[in-house]
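The values are calculated or read from the model by the stated rules, or taken from the named source; none is laboratory data. Since the structure is predicted, the reported quantities are computational estimates derived from the model, not experimental observations. A quick note on method: Cβ atoms are made from the backbone with ideal geometry, for glycine too, and the neighbour counts reach across all protein chains shown. Only protein heavy atoms, including side chains, enter the accessible area calculation; ligands, DNA and RNA are left aside. Shrake-Rupley method; radii C 1.70, N 1.55, O 1.52, S 1.80 Å.
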Amino acid sequence: MRFHLSEEQVAIQDAVRGTLADHWSMDHLHKFADSESDFDQPSWDALMALGLAGILSPDSGMGLLDAALVCEVAGEAAAAGPLIGQMLAVAAVARSSNDVAKAHLDALVEGASIATLALGDSAYVACANTAHFFLTGTRDGAISLVEAGDGVTIEAVRSTDRSRPVSKVTFDGAKVHELFAAGDPMAPKLFDAALVLIAADALGGAQKCTDMSVEYAKDREQFGQPVGQFQALKHQLAQMALDVEPARAQLWYAAYAHDAELDDAPRAAAMTKAHLCDVYVRSARSAVAAHGGIGYTWEFGLNYWFRRAAFDRAWLGSPSVHRARAADLAGW
């Protein structure tokens, strides 16, 4: 049994991290946040050139753990774009028997057609103005691919997460391609996969908040010495690290359990989404406190991760919702 990532998995993260460093700098993020757009084409094209959209296709040789590693780095960079929706749409369409939907598969794998995640009961969807498709459905209902255009109404809203702006979307008479009927076991599997990938985004964000705080503590001086020498801040930073690092193993296990189709995979996904999103919120709050006044400014940029943490926490259900489900699955 392996307890570490393979060389190939480390290389995947390095490639994604390097690509985002080249195409998604803090200056780029600032410009995007100040624009009216909900999508950034250059960074999306760069990520799609790595073949990331097809990670969850059956013939890729990869699985949810590999996809989670990608989403972790995206969360670390506060990257824009519906990466989670794109990967899950490819996974769903590739496994569906709907030939009409499958005609769009190549374009989805290439990233030329953009799919965003609209699973669950929430009407708020990221990248809705740019998406060509919406992956819709509920855990106990049908899963469908909805085409953008007639029958899709998009209403602009002021989004908390400025790295992933959302819109209010309603469907009434839109062109729908059913991928899996109600009761098909693929529906809950897709939901659980989504939970794990959101948790991965949260892990990357929590790690980024911790790293930013450590670097600031080394550089910022008061009374002639780095603030990192002060005992109270040392304890705070240590607590942040102790909060984040064990959660990494929890995420890896949840993704592995999903790939291996273990009996506890649904419960692991629920617990991981609940815990990682709480960790992210705590880490973001601690990071703002560790930075003092500058941590509240848009110019510094920490706010992007602070607000992204709030979005991840609410996305597809709050931690309390998933802990209750985990308790039910355990028979408590």
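List of remarks:
- Any helices (runs of 4 or more DSSP H) falling wholly within the range 42-109 and containing at least 2 residues that are modelled with pLDDT of 95 or more and in contact with a strand residue (DSSP E or B) (Cβ under 7 Å, 6 or more places away or on another chain): 83-95, 99-102
- Within the range 118-137, restricting attention to residues that are assigned to a loop (DSSP other than H, G, I, E, B) and under 18 Å from Lys175 (Cα atoms), the residue that is most open to solvent (accessible area, probe 1.4 Å) is Asn129.
- Selection over the range 240-259 of residues that are over 30 Å from Lys189 (Cβ atoms) and at pLDDT 90 or above gives a count of 2.
- Breaking point among (1) in a helix (DSSP H, G or I); (2) touching a strand residue (DSSP E or B) at 6+ places or on another chain (Cβ under 9 Å); (3) not basic (Lys, Arg), for Leu316: (1)
- Residue within the range 219-227 that is modelled with pLDDT of 95 or more, over 27 Å from Arg313 (Cβ atoms) and loosely packed, with under 15 Cβ neighbours inside 10 Å present: no
- Complete set of residues in the range 151-188 that are open to solvent by less than 70 Å² (accessible area, probe 1.4 Å) and not in a loop (DSSP other than H, G, I, E, B): Val152, Ile154, Val166, Ser167, Val169, Thr170, His177, Leu179, Phe180, Met186, Ala187, Pro188
- Every test in (1) within 20 Å of the chain's Cα centre (by Cα); (2) open to solvent by less than 10 Å² (accessible area, probe 1.4 Å) is passed by Ala101 save one, and that test is (1).
- Flag for Val288 being among the β-branched types (Val, Ile, Thr), open to solvent by less than 50 Å² (accessible area, probe 1.4 Å), in a helix (DSSP H, G or I) and over 30 Å from Pro188 (Cα atoms): yes
- Hits in the range 92-104 - residues which are touching a helix residue (DSSP H, G or I) at 6+ places or on another chain (Cβ under 9 Å) and either within 25 Å of Thr170 (Cβ to Cβ) or free of Cβ contacts under 8 Å to residues at least 40 places away in the same chain (or both): Ala92, Val93, Ala94, Ser96, Ala101, Lys102, His104
- Applying a threshold of 6 Å to beta carbon distances and a minimum spacing of six or more residues, or different chains, the list of pairs starting in the range 5-18 at a residue that is under 13 Å from Leu52 (Cβ atoms) and ending at one that is open to solvent by less than 40 Å² (accessible area, probe 1.4 Å) and assigned to a helix (DSSP H, G or I) reads Ile12/Leu69; Gln13/Leu69; Gln13/Val73; Val16/Val70; Val16/Val73; Arg17/Val73.
- Options Gly81, Gly61: the member that is on the phi > 0 side of the Ramachandran plot and in contact with an Asp or Glu (Cβ under 9 Å, 6 or more places away or on another chain): Gly81
- The one condition in (1) within 22 Å of Asp45 (Cβ to Cβ); (2) in contact (Cβ under 8 Å) with a residue 40 or more places away in the chain that Ala107 fails to fulfil: (2)
- Boolean, Arg267 is among the basic types (Lys, Arg), modelled with pLDDT of 85 or more and either farther than 25 Å from Met62 by Cα or surrounded by fewer than 19 Cβ atoms within 10 Å (Cβ to Cβ) (or both): no
- Test: residue in the range 62-72 that is among the small types (Gly, Ala, Ser) and surrounded by fewer than 24 Cβ atoms within 10 Å (Cβ to Cβ): yes
- Among the candidates Leu29, Leu5, Leu20, the residue that is surrounded by fewer than 16 Cβ atoms within 10 Å (Cβ to Cβ) and closer than 23 Å to Ala68 by Cβ is uniquely Leu5.
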